[in-house]
Amino acid sequence: MKESIMRAVNSGEYDTKLLSVPQAMEHLGIRSRSKLYDLILGDNPVIKSIKIGRSRKIPFGAIREYVLEQWKQESFA
């Protein structure tokens with residue numbers, strides 16, 4: 001998982017790839033759908049998502065931004 005995130009951080013090619021909810025959960029290492037939905041649709045959403053038909057899709061670039069922001073916060077804590 002971390003290796004795929006590191007490759008994406010170093011390459012912009014994945015920014016527009018759309019992930020399903022299960023795929024996004026796998027990339028983030030989240031086991032709970034409700035945790036991911038809280039991140040994308042909660043009171044204070046921190047990961048951007050879009051709705052296509054009845055499906056919720058998360059741009060890989062949004063996951064990349066979230067991970068980078070988390071790393072920044074960890075570095076300064």
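The residues in region 22-49 that are touching a strand residue (DSSP E or B) at 6+ places or on another chain (Cβ under 8 Å) and on the phi > 0 side of the Ramachandran plot can be counted, and the count is 0. Within region 44-63, which residues are of a type in the set (V, I, T), open to solvent by 40 Å² or more (accessible area, probe 1.4 Å) and in a loop (DSSP other than H, G, I, E, B)? Listed by number, the list holds a single entry, V46. Could you go through region 1-18 and let me know if any residue there is loosely packed, with under 13 Cβ neighbours inside 10 Å, assigned to a loop (DSSP other than H, G, I, E, B), over 10 Å from the mean Cα position of the chain (by Cα) and at pLDDT 95 or above. No, every residue in region 1-18 fails to be loosely packed, with under 13 Cβ neighbours inside 10 Å, assigned to a loop (DSSP other than H, G, I, E, B), over 10 Å from the mean Cα position of the chain (by Cα) and at pLDDT 95 or above. Residues in region 47-59 that are under 9 Å from the mean Cα position of the chain (by Cα) and β-branched (V, I, T) were compared, and the one that is nearest to Q70 (Cα to Cα) is I47.
Is there a residue in region 26-43 that is in a loop (DSSP other than H, G, I, E, B), loosely packed, with under 13 Cβ neighbours inside 10 Å, among the acidic types (D, E) and at pLDDT 60 or above? Within region 26-43, one or more residues are in a loop (DSSP other than H, G, I, E, B), loosely packed, with under 13 Cβ neighbours inside 10 Å, among the acidic types (D, E) and at pLDDT 60 or above.
The values are calculated or read from the model by the stated rules, or taken from the named source; none is laboratory data. On a predicted model such as this, the values are computed, not experimentally measured, just so you know. Ideal geometry is used to build each Cβ from the backbone, glycine not excepted, and the neighbour counts take in all protein chains shown. All accessible areas refer to the heavy atoms of the entire protein, side chains included, with ligands and DNA or RNA removed. Shrake-Rupley method; radii C 1.70, N 1.55, O 1.52, S 1.80 Å.
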